[in-house]
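Here's the structure, in structure tokens; my notes come after.
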Amino acid sequence: MTLIEISVEYRAQAAVIQQRLRELQAQLPELDPDQRSTMEGRIRMLTVMWREARDLAVLCERYYDRGYRRNGKYTL
């Protein structure tokens with residue numbers, strides 16, 4: 001599997017996570033305070049996962065581009 005193929009998978013996963021985030025955020029107004037705090041925790045975790053999937057997709061897409069300045073978070 002090439003990095004371009006991997007980036008497509010990361011983008012697809014980011015889209016799935018983003019859709020789930022939208023669904024959960026739409027449910028927030030209907031919840032009581034205890035459920036709301038639990039849901040906000042899930043939303044925070046999914047937001048981190050979405051951001052990382054998106055960033056890794058970009059990193060994999062552009063890894064071999066000469067002028068691309070890599071994200072310091074994912075370099076060794």
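The values are calculated or read from the model by the stated rules, or taken from the named source; none is laboratory data. Only a predicted model underlies this, so the values are computations on that prediction, with no experimental measurement involved. Cβ placement follows ideal geometry from the backbone for every residue including glycine, while neighbour counts extend to all protein chains displayed. Just the protein is used for accessible areas: all its heavy atoms, side chains included, with ligands, DNA and RNA removed. Shrake-Rupley method; radii C 1.70, N 1.55, O 1.52, S 1.80 Å.
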For this session: Any residue in region 37-53 that's within 14 Å of residue 15 (Cβ to Cβ): show its pairings with residues that are open to solvent by less than 70 Å² (accessible area, probe 1.4 Å) and polar (S, T, N, Q) at Cβ separation under 8 Å, as long as the two are six or more apart or on different chains.
Result: 50/18
For this session: Give 13, 27 a once-over and let me know the one that is surrounded by 14 or more Cβ atoms within 10 Å (Cβ to Cβ), out of contact with any Gly (no Cβ under 9 Å at 6 or more places or on another chain) and at pLDDT 90 or above.
Result: 13
For this session: May I ask you to list the residues in region 30-63 that are surrounded by fewer than 16 Cβ atoms within 10 Å (Cβ to Cβ) and of a type in the set (Phe, Trp, Tyr)?
Result: 63
Seminar exercise, completed: residue 68 fails exactly one of (1) surrounded by fewer than 12 Cβ atoms within 10 Å (Cβ to Cβ); (2) over 18 Å from the mean Cα position of the chain (by Cα); (3) not charged (D, E, K, R), namely (1)
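Restricting to region 1-41, name every residue that is among the hydrophobic types (A, V, I, L, M, F, W, C) and in a loop (DSSP other than H, G, I, E, B).
First, the residues of region 1-41 that are among the hydrophobic types (A, V, I, L, M, F, W, C): 1, 3-4, 6, 8, 12, 14-17, 21, 24, 26, 28, 31, 39.
1, 31 - these are the residues of region 1-41 that are among the hydrophobic types (A, V, I, L, M, F, W, C) and in a loop (DSSP other than H, G, I, E, B).
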Problem set entry | Any pair with Cβ under 9 angstrom, 6 or more apart, that starts in region 8-19 at a residue that is over 19 Å from residue 60 (Cα atoms) and ends at one that is crowded, with 17+ Cβ neighbours inside 10 Å and charged (D, E, K, R) | 18/54
